[in-house]
Amino acid sequence: MDKIENVTLAYLTNDDYQELKKAMLESYITMPNQYWREYQIKDLIEKFPEGQVVIKVNDQIAGCALSLIVDGERFNKNHTYKEITGNYTFNTYNPHGNILYGIDIFIVPEFRGLRLGRRLYDYRKELCETLNLKGIAFGGRIPNYHKYAAEMSPKEYIDKVRHKEIHDPVLSFQISNDFYPTRILKGYLEGDRASNEYAVLLKWDNIYYEEATETPGTLKKVVRLGLVQWQMRSYKDVEDVMQQAEFFVDAVSGYRCDFALFPEFFNAPLMAKDNHLTEAEAIRNLAKFTPQILDRFAQMSVSYNINIITGSMPLVREDVLYNVGYLCRRDGSVEYYEKLHITPDEAKVWGMKGGRKLHTFDTDCGKIGVLICYDVEFPELSRLLADEGMDILFVPFLTDTQNGYSRVRNCSQARAIENECYVAIAGSVGNLPKVHNMDIQYAQSIVFTPCDFAFPANGIKAEATPNTEMILVVDIDIDLLRELNRFGSVRNLYDRRKDIFELKKANTK
């Protein structure tokens, strides 16, 4: 091969046919008579021009990839090459289909070893994403299988190729390009003796695929978070507290944030007037304000066009004291979450009990989860939420000492790595000398990320100044999580050994 001066990827044209035929004859050594005729190539180009590409080295065709769009449901089961191509007429092409089906790909022997095949596969993946198709599929040959057919089944052969005990020039390459086998296709390609006419249905999923919807708008991919680092101070009454809360909502809304996150027990200053009572009596009186505060937050979420996570507040239900919070969506809907693990101090001093509600919440920015303070120190909870598709975990917290804060901080960062998600934590600062059991607070609000190339090396997207009242406005990219899930240096969700351990929710009804 001469010195490489240029490598280009181009759409296949009718004028390329004679050179393409020569390239096919050089590549199809084991099946010399099975090459595409000129009328077939013209038909393919006419139906789906962007699906037919060649790669050229020094302006000479070095490889080619041919594709169709098909209805995935129609060809998800066993099928043959004749069936998928409509007996080579390509009448299976469906411009409204959801799967990009690869019907051919080859590299001329002279140009093998230059990773040109990878470029063709990368083009298919980009095309799949551009056209918003569900994924890529094709029947992959297993040309070395004839050497092992007498001693093992196709399934055993594929398993050994996957575990690199056997090398197959086609299947090994496809697996290395993120395609995964889903089923064995018997009698797939007539005359393929090297594979004993078996093939493997290989797939690649488009992580950016979006289902068509009849309602306007789509999920946001870049989400802006507004974290409120709340200053504990004396307030005259609940109206005074909510004026301060609305100030912060107004501020983060002014920056067009999608979420506002408040800390745990941000309304604790209202207990000052009950400081003559026992701690347990004072917090039950504080719980009386919760419905009123919720109503105000629900109104603000609509009027300021922002999803509000209200931190947490005490709530008495059937004479039992709980620590709860609310998601007030900007469409006017409201849902609640509960603190599941009560700290020893909350149980001993306030008589509080843990809740039983754990699930993700659907929002216009994807699925989110909320864990209140101590709950984030129990990794099982966030893993269950991750299994439900959580992208962002919000952690409203309240810690008095740096020791307590460090537990919340370090566990929150671990949750971001373990669950391949963003974790936003927000706490209160300052002191309340006139409220028993709420004397001092220590906090630094932060947004954590996984630790991989697309994210900050230290896993911290942004952080507030410690122990200072302020807001922290942070943009996060949900698409980066999708890429991490599939292509990260490590894949903490995908690589779990579910064959040796299992995690599931108990029946709490």
Restricted to the range 202-235 and to residues being among the basic types (Lys, Arg) and at pLDDT 90 or above, the residue surrounded by the most Cβ atoms within 10 Å (Cβ to Cβ) is 203
Examine the range 435-442 for a residue that is crowded, with 21+ Cβ neighbours inside 10 Å and assigned to a loop (DSSP other than H, G, I, E, B), and state whether such a residue exists. yes
Does the range 52-65 contain any residue that is among the charged types (D, E, K, R) and touching a Leu at 6+ places or on another chain (Cβ under 6 Å)? no
Between a residue in the range 362-386 that is more than 16 Å from residue 396 (Cβ to Cβ) and any residue that is assigned to a helix (DSSP H, G or I) and not hydrophobic (A, V, I, L, M, F, W, C), which pairs come within a Cβ distance under 8 Å, given they are 6 or more apart or on different chains? 379/415; 379/418; 383/418; 383/419; 386/418; 386/419
Could you pull out the residue among 19, 46, 50 that is in contact with a Ser or Thr (Cβ under 9 Å, 6 or more places away or on another chain), at pLDDT 95 or above and outside any strand (DSSP E or B)? 50
Mind listing whichever residues of the range 393-403 are in a strand (DSSP E or B) and without any contact (Cβ under 8 Å) to a residue 60 or more places away in the chain? 393, 395
For residue 304, state whether it is in the same structural domain as residue 429 (by TED's automatic domain parsing) and in contact with a strand residue (DSSP E or B) (Cβ under 6 Å, 6 or more places away or on another chain). no
Out of (1) in a loop (DSSP other than H, G, I, E, B); (2) out of contact with any Cys (no Cβ under 8 Å at 6 or more places or on another chain); (3) without any contact (Cβ under 8 Å) to a residue 40 or more places away in the chain, the odd one out for residue 390 is which? (2)
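Yes or no, residue by residue, for (1) modelled with pLDDT of 95 or more; (2) farther than 19 Å from residue 378 by Cα; (3) touching a Lys or Arg at 6+ places or on another chain (Cβ under 7 Å); (4) hydrophobic (A, V, I, L, M, F, W, C):
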position	(1), (2), (3), (4)
284	yes, yes, no, no
292	yes, yes, no, no
320	yes, yes, yes, yes
352	yes, no, no, yes
364	no, yes, yes, no
Looking only at the range 285-334, count how many residues are surrounded by fewer than 19 Cβ atoms within 10 Å (Cβ to Cβ), hydrophobic (A, V, I, L, M, F, W, C) and more than 30 Å from residue 347 (Cα to Cα). 1
Could you tell me which residue of the range 22-43 is farthest from residue 193 (Cα to Cα), considering only residues that are modelled with pLDDT under 95 and of a type in the set (Val, Ile, Thr)? 29
Mind checking which pairs have a first residue in the range 95-112 that is over 19 Å from residue 204 (Cα atoms) and a second that is among the charged types (D, E, K, R), Cβ under 7 Å, 6 or more apart or different chains? 108/26; 109/26
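Can you find a residue that is of a type outside the set (Gly, Ala, Ser), surrounded by fewer than 21 Cβ atoms within 10 Å (Cβ to Cβ) and in contact with a strand residue (DSSP E or B) (Cβ under 6 Å, 6 or more places away or on another chain) anywhere in the range 362-384?
Let us first name the residues in the range 362-384 that are of a type outside the set (Gly, Ala, Ser), namely 362-365, 367-368, 370-381, 383-384.
Going one step further and asking which of them are surrounded by fewer than 21 Cβ atoms within 10 Å (Cβ to Cβ), we end up with 362, 364-365, 367, 377-381, 383-384.
From what is left, the residues that are in contact with a strand residue (DSSP E or B) (Cβ under 6 Å, 6 or more places away or on another chain) are 365.
Checked the range 362-384: at least one residue is of a type outside the set (Gly, Ala, Ser), surrounded by fewer than 21 Cβ atoms within 10 Å (Cβ to Cβ) and in contact with a strand residue (DSSP E or B) (Cβ under 6 Å, 6 or more places away or on another chain).
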Of (1) modelled with pLDDT of 90 or more; (2) in a helix (DSSP H, G or I), residue 183 satisfies all except one. Which? (2)
Just one of the numbered conditions (1) part of a loop (DSSP other than H, G, I, E, B); (2) within 35 Å of the chain's Cα centre (by Cα); (3) not small (Gly, Ala, Ser) is not true of residue 35; which one? (2)
Filter the range 463-484 down to the residues that are modelled with pLDDT of 95 or more and touching an Asp or Glu at 6+ places or on another chain (Cβ under 9 Å) and list them by number. 472, 476
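The values are calculated or read from the model by the stated rules, or taken from the named source; none is laboratory data. These figures come from a predicted structure and were not determined experimentally. Positions of Cβ are generated from backbone atoms using ideal geometry, with glycine treated the same way; all protein chains shown enter the neighbour counts.
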